[in-house]
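Notes to accompany the following structure.
The values are calculated or read from the model by the stated rules, or taken from the named source; none is laboratory data. As the structure is a prediction and not an experimental result, all values here were calculated from the model. All Cβ positions, glycine included, derive from the backbone under ideal geometry; neighbour counts span all protein chains shown. Heavy atoms of the whole protein, side chains included, go into the accessibility calculation; ligands, DNA and RNA do not. Shrake-Rupley method; radii C 1.70, N 1.55, O 1.52, S 1.80 Å.
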Amino acid sequence: MIESVVVRGKRGEVKVHAKVDTGASRTTVDTDIAARAGLGPVLGTVRIRQSISRDAETRPLVEAVLVIGG
């Protein structure tokens, strides 16, 4: 499902259209969008494995406010 999403951070809001997985317990945000919104600081890292790949990758972990459909 595609929804309007607002990413809120220290630098303001970034409005995007995003594919939403309604069964997911966490999500990822493109690094450019995260930087534009001013997300951070980095709290740690997590290892993510996408369904299309066998290899996991390490990504930074931050807290974020996402407004979906609003």
Exactly one of Ile2, Ile52, Ile33, Ile68 is of a type outside the set (Gly, Ala, Ser) and in contact with a Leu (Cβ under 9 Å, 6 or more places away or on another chain), and that one is Ile33
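Considering each of Thr27, Thr45, Thr22 in turn, give the residue that is loosely packed, with under 14 Cβ neighbours inside 10 Å and not in a loop (DSSP other than H, G, I, E, B). Can you show your working first?
On the way: Thr27 fails: not in a loop (DSSP other than H, G, I, E, B); Thr22 fails: not in a loop (DSSP other than H, G, I, E, B).
The conditions single out Thr45.
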State all residues of region 48-69 that are open to solvent by less than 80 Å² (accessible area, probe 1.4 Å) and part of a loop (DSSP other than H, G, I, E, B); if no residue qualifies, say none. Gln50, Ser53, Val62, Ala64, Gly69
For region 1-19, what are the residues that are open to solvent by 90 Å² or more (accessible area, probe 1.4 Å) and modelled with pLDDT under 95? Met1, Ile2, Lys19
Residue check, Val16 over 11 Å from Val62 (Cβ atoms) and either without any contact (Cβ under 8 Å) to a residue 60 or more places away in the chain or part of a helix (DSSP H, G or I) (or both): yes
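Results for (1) in contact with a strand residue (DSSP E or B) (Cβ under 6 Å, 6 or more places away or on another chain); (2) of a type in the set (Gly, Ala, Ser), shown as yes or no for each residue.
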position	(1), (2)
Gly9	no, yes
Val16	yes, no
Ala24	no, yes
Val42	yes, no
Gln50	no, no
Arg54	no, no
Val62	no, no
Looking only at region 20-62, how many residues end up being within 19 Å of Ser4 (Cα to Cα) and among the hydroxyl-bearing types (Ser, Thr, Tyr)? 5
